[in-house]
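Each remark here refers to the structure printed beneath this line.
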Amino acid sequence: MKSFFHKLTIKNKIFITFAFTYVIVITVIGVLMYVTNVNEMKNQTQSMSKVLTTQFSRTIDMYFEDIERLSMAIFTDSTIQTTLSNYEESILYNDITIRNVLYPRLFTFVYPHDWVVGVELYTNTGTVFDYRNHRNLSIRYDTQPHEWMLQLNEMDKIDFMLLPTTTPSPPDEGVEHIVSLVRHVYEIPQRNKIGSIKIDIDLTVFEELLEIENVEELEEHMRVIVVDDDMNVIYDQNNQLIGQQSQELATAINNSQHLNDGIINWQSSRFLYTDNYSDFTNWNMLVLIENDFIVFEQKQILFFVVITGAITITIIALISYYLSYGITRPFAKLMNKMKRVERGNLSAHMKETQNPEIDVLVRVYNNMLNSIHKLISEVYESSITEKNAKISALQSQINPHFLYNTLNIMKSISRVKGVEEVAEISEALSDLFKYSMKDLDKEVTLLEEINHIENYMRIQQHRFRNRYRLQVNMTEQVKQASIPKLMIQPLVENAVNHGLKDIQENGLVTITAFQKEQTIYITVIDNGAGISEDKLQLLNRQLNQKIIETNDSGVGLTNVSQRLRLMYGARYQLQIVSKENEGTKVTIQLPFNRKGSK
């Protein structure tokens, strides 16, 4: 992994370092945000649950305070006081008369209270006047006192009791469960017990009392339960435990209180639990919130943190990329310039970037180029002298046998045919030596070089009796092009001596010259024996060598290649294409300059 990182570019290293650092920072921040928000959300939920528990308990207290006041109103009503005080066991007619007297009084008391199912008035003798649901008032007789009556006998005269939830008996239409307030009635002012009151309330009132707003999401996961001191369930929001005694719930609450964590495990689920005990009703209000709600909120927080973190990391990654790109861009430009220098272009200078650190490198780089260029110029100037000496030495390599053979031809022709042809050969030979031996370091026009080659070919044609001929194709604009002296003649000589030496007739040397942009392309083509693949590879290697090696097979080509390199640089080259028994094509490239122009 370490070696892989070292192989990366500076831009990628900066990008990966920045991105990795920020990813770690964002991840740590995201984890801290998640943990903090989860704990805060749990605390807020628990606080809201406590508020709701207190609010619910207070609401029920207020409602039953109203019912308690209703019982006191009935307790102190003069008609009811008189009826119960003077009531004696009597005939049915008297009870019916009393019922007709009590009905309008009870109707008046109960009518404003929609959730009051009925009111029962008990006399000391067991007669019960039962007012039920705004309909009528019935009479029944209880032979035995109820248990709650016995409990009330042990309590203060102003006390009352709230009985656990029961099913109305006889059943009332539309009423499933009731909770009852009971108390004794005492004569005023003697304070003698003259009867009892039982007020039945429809348990549906709890649904209205415990209705909450603006917490729909919480309400779906919340369960409200009201229990008394004996864990009798007065009210259950899910209507599962109403009227039952739940010891399992009592055990779960005791365990939670022991652990002091506010979490209970009950009915195979986990709940966040809060409670509030009412001294007025002696009921305990329980609010249970499913742990799924906490988990759901945790997932919401986690989703928010992950999405926010992903977006932040993406933005930071883009910023890191562009930052690394901006930092390394000058270095990339510098590297590209250096690659151009490596390929031989010493003019690839850089401009300053107004960045102090980068500009130091730019100045050092430009100074380095200037120094290299200066050194090359000095070497080039020193090599010019060496070049001229080499050229002179190269020209001295003209085959002396050529002069000898030419003179023999002149002598033979003079004996056989006469002096005119000898004069022609002599003139061509004179021009040839005059051109070759004078001002070797000066440039000539392409046309002058071609004229020299034509003199050479006339002599060869006389020598070999027209076994081959010369063909020249060049455009008008290149005739006055300036070229080094004796640059093309060695290529023609090489074609005659090696390519056409075994040709007995129809030998052809073609010279083609044309201009393309600022470069002249000159080709010398023969239709001779060609060069084998192995010899061609060997010749190409020799042409690329810096030291001239003379041999019988390619001295002319090697000398031309070395002169091109010395005078114009590596950009201008000599190229050879050849196939055995098909001929050879030699191409040279020269910069286009007219004779006399700079």
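The values are calculated or read from the model by the stated rules, or taken from the named source; none is laboratory data. Remember, it's a predicted structure, so these values are computed and weren't measured experimentally. Cβ atoms come from the backbone with ideal geometry, glycine included; neighbour counts cover every protein chain shown. The protein model used for the area step is the full one, side chains on, heavy atoms only, and it has no ligands, DNA or RNA in it. Shrake-Rupley method; radii C 1.70, N 1.55, O 1.52, S 1.80 Å.
Give me the extension gain from residue 97 to residue 317: residue separation times 0.36 nm, minus the current Cα-Cα distance, reported in nm with one decimal.
In short, 69.8 nm is gained.
Work out how much length residue 463 to residue 594 would gain on full extension: take 0.36 nm times their residue separation and subtract the Cα-Cα distance, in nm to one decimal. Present the calculation step by step, with values, prior to reporting the outcome.
Working: separation 131, 0.36 × 131 = 47.16 nm, distance 3.53 nm.
Extra length available between residue 463 and residue 594 comes to 43.6 nm.
How large is ³J(HN,Hα) for each residue in region 149-160, as worked out from phi by the Karplus curve 6.51 cos²θ - 1.76 cosθ + 1.60 (θ = phi - 60°), to whole Hz, x for Gly and Pro?
These are the phi-based 3J(HN,Hα) values: 5, 5, 5, 5, 4, 8, 9, 5, 5, 8, 7, 9 Hz.
With θ set to phi - 60° and the Karplus curve 6.51 cos²θ - 1.76 cosθ + 1.60, what are the ³J(HN,Hα) couplings of region 46-56 in order, to the nearest whole Hz, using x for Gly and Pro?
Listing the rounded values in order: 5, 5, 5, 5, 5, 4, 5, 4, 5, 5, 4 Hz.
Set the Förster distance to 25 Å, then compute FRET efficiency between residue 153 and residue 278 from the Cβ-Cβ distance, nearest 0.05.
Values: r = 24 Å, r/R0 = 0.97.
With a Förster radius of 25 Å, E is 0.55.
Give the carbon-plus-sulfur fraction of the accessible surface of region 37-171 in %, rounded to a whole number; probe 1.4 Å, heavy atoms of protein chains only. Walk me through the numbers on the way to the answer.
On the way: 3940 of 7440 Å².
With neighbouring chains kept in place, the figure for region 37-171 is 53 percent.
Would you grab the residues whose amide H sits under 5 Å from the one on residue 133? Only those 5+ places off in sequence or on another chain, please, with H modelled 1.01 Å from N.
118, 119
Sum up the charges of everything whose Cβ sits under 12 Å from the Cβ of residue 187, counting Lys and Arg as +1 and Asp and Glu as -1, but leave residue 187 out. Show your work: numbers first, answer last.
Details: positive: 157, 191, 193; negative: none.
Here the charged neighbours net out to +3.
Taking R0 as 35 Å, what's the FRET efficiency between residue 582 and residue 480 from their Cβ-Cβ distance, rounded to 0.05? Numbers along the way, then the final one.
Numbers: r = 34 Å, r/R0 = 0.97.
It comes to 0.55.
Where only protein heavy atoms count, and the probe is 1.4 Å, what is the accessible area per residue for region 31-144 in Å²? Kindly include the intermediate steps, with their values, before the conclusion.
Details: 6110 Å² over 114 residues.
Result: 54 Å² per residue.
Taking amide H atoms as placed 1.01 Å from N in the peptide plane, list the residues 5 or more away in sequence, or in a different chain, whose amide H sits under 5 Å from that of residue 507.
468, 469
Taking R0 as 60 Å, what's the FRET efficiency between residue 366 and residue 514 from their Cβ-Cβ distance, rounded to 0.05?
Working: r = 39 Å, r/R0 = 0.65.
My answer for the efficiency is 0.95.
If amide hydrogens are placed 1.01 Å from N in the peptide plane, which non-local residues have theirs closer than 5 Å to the one on residue 573?
Counting only residues 5 or more places away or on other chains, the set is 589.
Past the 22 Å Cα-Cα mark, which pairs from 501/585; 50/299; 501/579; 374/485; 333/516?
In this structure, 50/299; 374/485; 333/516 lie more than 22 Å apart at Cα.
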